[in-house]
Amino acid sequence: MDDEMLVERIKNGDDDAFRELYQKYVHQVFRYVYLQIGDYQRTEELTQDIFMKVVKGLVRFRGQSRFQTWLFTIVRNCLTDELRTYKKKRLTVTVPQEDLARLDGRVDTVEDRVMKREAQEELIRHLQKLSDDYRVVILLVDLEGFSMREAAEILNRSEKATKSLHHRAVRQLRQLVEGGMNVEYS
């Protein structure tokens, strides 16, 4: 069932429709939030807070954009508030092995898991070195699969500015991965 139909059912008091919408997006929201803050427990709390805001805000959803775009606008706003507070406490993000396993529930060989964990940890370390704007645009476009137009809407920027931001972000991430750049936390 498409999101618009689920939203209408929710507006009409159908709890099953909300559960269906929640199940459809909870893992995507969780992953996105987790990659922003790197704290599994806090991510669980924030994900629940986000969906509470979704429930309360659905009466205002008019379908002028896709539901997923509207949802990630709420996610972005919640993360902006959280990161203001959280960044003051955070110097580096370390990702416990158990957390990476929870993010990706597939079963691989031990060697596959080790190699995958190392690659994920390295990518997370590099993402954390990027500015918030760069990290967010990469996560929206490259991890979550939003179009430039949708990412621009979520970020409250023009599509042209979002494309430019994404281009610079990818270039900087590539330099980090190749070891040619040392970026400090801002």
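The values are calculated or read from the model by the stated rules, or taken from the named source; none is laboratory data. The structure presented is a predicted model; accordingly, all values stated were derived computationally and were not measured. Please note: Cβ atoms are built from the backbone with ideal geometry, for glycine as well, and neighbour counts cover all protein chains shown. Surface areas here come from the heavy atoms of the whole protein model, side chains and all, with no ligands, DNA or RNA. Shrake-Rupley method; radii C 1.70, N 1.55, O 1.52, S 1.80 Å.
Tell me which residues, restricted to segment 96-123, are under 20 Å from V26 (Cα atoms) and either at pLDDT 55 or above or not small (G, A, S) (or both). Can you show your working first?
Residues of segment 96-123 that are under 20 Å from V26 (Cα atoms), as a first pass: 98-106.
Passing the criteria: E98, D99, L100, A101, R102, L103, D104, R106.
What pairs can you find where one residue is in segment 65-77 and surrounded by fewer than 22 Cβ atoms within 10 Å (Cβ to Cβ), the other is part of a helix (DSSP H, G or I) and among the small types (G, A, S), and their Cβ atoms are less than 8 Å apart, with a gap of 6+ or different chains?
Partner pairs satisfying both residue conditions: I74/G57.
Would you check which residues across segment 139-172 are part of a helix (DSSP H, G or I), over 24 Å from R125 (Cβ atoms) and of a type in the set (K, R) and list them?
Kept after step one, since they are part of a helix (DSSP H, G or I), are these residues of segment 139-172: 139-143, 148-155, 159-172.
From what's left, over 24 Å from R125 (Cβ atoms): 148-150, 152-154, 159-164.
Hits for segment 139-172 are R149, K160, K163.
Could you list, in sequence order, the residues of segment 70-95 that are at pLDDT 60 or above and basic (K, R)?
R76, R84
Does F67 count as under 30 Å from K116 (Cα atoms), modelled with pLDDT of 90 or more, among the aromatic types (F, W, Y) and touching a helix residue (DSSP H, G or I) at 6+ places or on another chain (Cβ under 6 Å)?
When the stated conditions are applied, F67 does not pass them.
Residue by residue through segment 126-172, note down the ones that are of a type in the set (K, R) and under 15 Å from T80 (Cβ atoms).
Of segment 126-172, the ones of a type in the set (K, R) are 129, 135, 149, 157, 160, 163, 168, 171.
Passing the criteria: R135, R157.
Please go through segment 31-55 and give me each residue that is assigned to a helix (DSSP H, G or I) and open to solvent by 30 Å² or more (accessible area, probe 1.4 Å), ordered by number. Steps first, please.
Here is the first cut: in segment 31-55, the ones assigned to a helix (DSSP H, G or I) are 31-37, 40-55.
Residues satisfying the conditions are R31, Y40, Q41, R42, E44, E45, Q48, D49, M52, K53, V55.
Mind checking which residues of segment 115-169 are among the hydroxyl-bearing types (S, T, Y) and open to solvent by 20 Å² or more (accessible area, probe 1.4 Å)?
S131, Y134, S147, S158, S164
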